[in-house]
Amino acid sequence: MTSKFSKKYRKQYLAVRFTEMAKNQKKHQESLKIPKIILAAGSFLSLISDRLTVLFAARLFTTPLKHRIPKREHEMEQHSQQEQLWVNSLQKEIVVYQYGNAPRKILLVHGWSGRGTQLVKIADALLQAGYSTMSFDAPAHGKSAGKTTLMPEFIASIFEIEKKYGPFEAAVGHSLGGMSLLNAVKDGFKIQKLVTIGSGDVVRDIIDDFIAKLELKPKYSGLLQQHFESKSNRKMDDYSSYKAAQKIEIPVLVIHDQDDADVPVHCAEHISEHLKKGELMMTQKLGHRKILGDTQVIEKVINFIQNPQT
């Protein structure tokens, strides 16, 4: 009886889980629609040359969109001290934001196509809790110069900021910002606590998804990865968050929304299970960006950073 019931329950569970995954995949596809003219260009190039197709895809993959600062971020933008910081290892200049003057500092790192004021609600709560924050526009983002960038430049910027403005007690990263912080901590960025929100886990999955959205053949995913690796002399998978998580000793809070249409929720589960001191918080119906302003999420972040037991 128990065996039959378990099998029946498992089938029901898997059916529900499959339905949820299908719905999330549909949302994901709708959220990342690429203009038809770009799809047509990629399709045309694939008929002519693999090399040209890879170069075309690489340019798109490394080019973030710059958005106008929304009204909710104006106060942080206007009341923060802003400076230009030269990142010597990149030979690039970025814009940094110091928000508040408290000696206890938290580093905030935005995601792809974000900006240094994007985590404003979290920054405001941290100020009220007695902290100040540092954030930045990553290369090719916000007010920082450039048109293209990749995760290694986020990581290099984090280390340059630590060198000039550190030390930091903790850091909070959204999406690619969370992935960058996991890698930075693995490589020696010294903080006591880390929070990631809506972050991916496997770099190859991100590339696969991008190639699928371009409606190109799967072989271009491998070719694109080879292109990036030949330029950097480093395996792209070395930057996968779940691998970085295995080498991190500090407490890490992983937050993700079950209805995130940009980054699948299983990414958070994968990262969390590889952490030595990981804590996982799941939310619902907040998506990939609305989660940054949710009251319960912000309260959890503040409590996690302040609590000496975590």
**OP:** Scan segment 264-310 residue by residue and report those that are in a loop (DSSP other than H, G, I, E, B) and under 25 Å from Trp112 (Cβ atoms).
**Re:** Pro264, Val265, His274, Leu275, Gln284, Lys285, Leu286, Gly287, His288, Arg289, Asp294
Subject >> Whichever residue in segment 128-155 is assigned to a loop (DSSP other than H, G, I, E, B) and farther than 22 Å from Ala57 by Cα and, among such residues, is most open to solvent (accessible area, probe 1.4 Å) >> reply: Lys143
Original post:
Of the residues that sit in segment 47-74 and are among the β-branched types (Val, Ile, Thr) and in a loop (DSSP other than H, G, I, E, B), which one is least open to solvent (accessible area, probe 1.4 Å)?
Top reply: Thr62
Subject >> Residues located in segment 84-127, provided they are aromatic (Phe, Trp, Tyr) and farther than 18 Å from Thr62 by Cβ >> reply: Trp86, Tyr97, Tyr99
Original post:
Got a sec? Which of Gln309, Gln225, Gln246 is at pLDDT 95 or above and open to solvent by 40 Å² or more (accessible area, probe 1.4 Å)?
Top reply: Gln246
Original post:
Within the bounds of segment 260-275, is there any residue that is surrounded by 14 or more Cβ atoms within 10 Å (Cβ to Cβ), acidic (Asp, Glu) and within 18 Å of Ala123 (Cα to Cα)?
Top reply: no
Original post:
Taking segment 156-195, which residues are among the basic types (Lys, Arg), surrounded by fewer than 20 Cβ atoms within 10 Å (Cβ to Cβ) and touching a strand residue (DSSP E or B) at 6+ places or on another chain (Cβ under 8 Å)?
Top reply: Lys164
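The values are calculated or read from the model by the stated rules, or taken from the named source; none is laboratory data. Bear in mind the structure is a predicted one, so any value in this text is a computation, not a measurement. We place every Cβ from the backbone using ideal geometry, glycine too, and count neighbours over all the protein chains shown. Accessible surface areas use protein heavy atoms only, side chains included; no ligands, DNA or RNA. Shrake-Rupley method; radii C 1.70, N 1.55, O 1.52, S 1.80 Å.
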